[in-house]
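First comes the structure, then the notes that go with it.
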Amino acid sequence: MSLKKSLYYFLILILISCSQIEKAKDKIIGLSEKEQYQKDREISDELFRFWQAQAEIGLRDSVAVELPYSEIGRLQPRSFAVYSYETYLLPGEIIEAHFETDSSQVLIFSDIYRQNKEEVSGFQKLASGKASEKNIQFESRQAGLYKVIFQPEIEANTPFRIHISKSPAYLFPVMGGRNADIGSYFGDIRDGGKRNHKGVDIFAKKGTPVLAAVSGNIGYTGEKGLGGKQVWLRDPKRRQSLYYAHLDSIKPGIDRVNLGDTLGFVGNTGNARTTPSHLHFGIYTQQGAIDPIGYVYLQEEADNIASSEKIMPARLSISARKAVLRNKPASSNSEILRNAEAGEFLSVQGKSDDWFHVRDSLHRSAFIHESLVTPAN
């Protein structure tokens, strides 16, 4: 081999080694996904700091949405858009948020926060999604106000669709059951105020199959006390027990069950002999009974909330003499963030049905109805 070729291969080996050393160094240092993004794209510190600061703006936003929620729009390079939405969750509800783009290469950074007055910002980060996957999911174990924040990469240039929904962590425990079949809730008064209801009652025809709401181990089956014929199912993932009571009969020989397996059949045994047949369903932790409604309440199917408009204006001008900026895309059950006057310009974030998601001159996020604005030149 010639000296020239030997030097060439030697240089290649050095470059490969340096690259491996750099990767190992990054792992040791523990770069965050955003920091790795800066490094990979060779973004200047000044530009990166400015981009990062936009996420703090998202934490201060107060726009709220009812789930399921959908929004469309278009990302523009260096618009430094950040999308932040508040919503209330119960224990047992799983929130899932997607940021779909036409370009599969675009990175979308996502985080979920819960309101916490002890934090400086008022919100505590709970989870982060992978930027390349453009979605995030989180199961609530505590009732409260949650916030989803999406932050596109700096040079993103693509149409997008946001979809945020929630679902119960458990399968509905009565076959074919609906939310309307729930006739009594956690905390309802019993025996003239002597005790409170520690579950939900799901009414159904006697003999309707009762289902394992989660895969787990059977802790007890039998007949005793107020619950009559009952089954206790242990959820190992969440370290809590599911209580099925007033059964007409119990499936024999159940031990380890999978999601959806039949445990028994709806009845009115125990102290339910004088009431229509129903399943009493409860959840117990080491601290006692908890409200099971978030774990089983079925969520509505998502409608096509976001329109299919292909042209999205970058700016709007208020055409009405006075216009109201709201915290939700709705006239009712929403708060007025502030009043705006004719001629004021608004930057467009996206659109949900008849409502534009905008930012005003002070970079505050809000919703405004399409009838109050026109595209700005």
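The values are calculated or read from the model by the stated rules, or taken from the named source; none is laboratory data. These numbers come from a predicted model, not from an experiment. Positions of Cβ are backbone-derived with ideal geometry, glycine not excepted, and every protein chain shown enters the neighbour counts. For the accessible areas, the whole protein counts, side chains as well, though only heavy atoms, and no ligand, DNA or RNA atoms are used. Shrake-Rupley method; radii C 1.70, N 1.55, O 1.52, S 1.80 Å.
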Hull shadow area, averaged, the stretch 102-162 [alpha-carbon convex hull, nm²]
4.9 nm²
For the stretch 251-377, dividing by residue count, accessible area per residue (probe 1.4 Å) in Å² works out to 54 Å²
Please tell me the relative contact order of the stretch 254-301 in percent, rounded to the nearest whole number, where contacts are Cα pairs under 8 Å and at least six residues apart.
19 percent
Hey, if we sort TRP232, TRP355, TRP51 by accessible area with the 1.4 Å probe, largest down, what's the order?
TRP232, TRP355, TRP51
R0 of 51 Å, Cβ-Cβ distance THR275-ASN116: FRET efficiency to nearest 0.05:
0.75
FRET E, pair ARG190, GLU46, Förster distance 51 Å, beta-carbon r, rounded to 0.05
0.20
What is the stretch 75-160's relative contact order, in percent, from Cα pairs under 8 angstrom and six or more apart in sequence?
49 percent
Residue by residue through the stretch 234-240, the couplings from Karplus 6.51 cos²θ - 1.76 cosθ + 1.60 with θ = phi - 60°, in Hz, x for Gly and Pro, are 8, 9, x, 5, 9, 6, 9
Find how much the distance from TYR220 to SER32 grows on full extension, using 0.36 nm per residue of separation minus their present alpha carbon separation; answer in nm with one decimal.
63.0 nm
For the chain, what does the convex hull of the Cα positions come to per residue, in cubic angstrom?
227 Å³
Based on the alpha-carbon gyration tensor of the stretch 237-303 and its eigenvalue square roots a ≥ b ≥ c, which shape applies: rounded if a/c is under 1.5, prolate if not and a/b is larger than b/c, or oblate?
rounded
Kirkwood hydrodynamic radius of the stretch 56-190, from inverse mean 1/r over distinct Cα pairs, in Å
16.4 Å
Lys and Arg at +1, Asp and Glu at -1: neighbours of HIS369 with Cβ under 14 Å from its Cβ sum to +1
Hull surface over four for the Cα convex hull of the stretch 41-117, reported in nm², is 6.9 nm²
How far is it, in nm, from the label point at LEU259 to the one at GLU341 when both lie 7 Å from their Cα along the line to the Cβ?
5.6 nm
In whole Hz, with x marking every Gly and Pro, tabulate ³J(HN,Hα) for the stretch 79-88 from phi via Karplus 6.51 cos²θ - 1.76 cosθ + 1.60, θ = phi - 60°.
7, 6, 6, 9, 10, 10, 9, 9, 7, 9
Hz values of 3J(HN,Hα) by residue in the stretch 139-153 - Karplus curve (6.51, -1.76, 1.60), Gly and Pro given as x:
9, 6, 10, 8, 5, x, 8, 10, 9, 9, 10, 10, 10, x, 5
Shape call for the stretch 225-377 from the C-alpha gyration tensor, a ≥ b ≥ c root eigenvalues: rounded (a/c under 1.5), prolate (a/b greater than b/c) or oblate?
prolate
Which three extents, in angstrom, do the Cα atoms of the stretch 175-297 have along their principal axes, listed largest first?
39, 32, 28
How high is the relative contact order of the stretch 261-377? Use alpha-carbon pairs under 8 Å, at least six apart in sequence, and give a whole percent.
21 percent
Can you list the trypsin sites (Lys or Arg not before Pro) in the stretch 143-223 that are in a DSSP coil and have 10 or fewer other beta carbons within 10 angstrom?
LYS194
Using mean Cβ contacts within 10 Å as the protection proxy, how do 104-110, 83-89, 317-323 order, highest first?
83-89, 104-110, 317-323
What figure in square angstrom, to the nearest 10, would you give for the accessible area of ASP354 with a 1.4 Å probe?
60 Å²
Would you mind checking the pairs LYS147/LYS251; LYS117/LYS166; LYS39/LYS125; LYS39/LYS166 and listing those with alpha carbons more than 31 angstrom apart?
LYS147/LYS251; LYS39/LYS166
Classify the stretch 157-206: rounded, prolate or oblate, from the alpha-carbon gyration tensor (a ≥ b ≥ c, eigenvalue square roots; a/c under 1.5 rounded; otherwise prolate if a/b is larger than b/c)?
prolate
Which peptide among 277-284, 68-75, 40-47 comes first, and what is the full order, when sorted by highest mean count of other Cβ atoms within 10 Å?
277-284, 68-75, 40-47
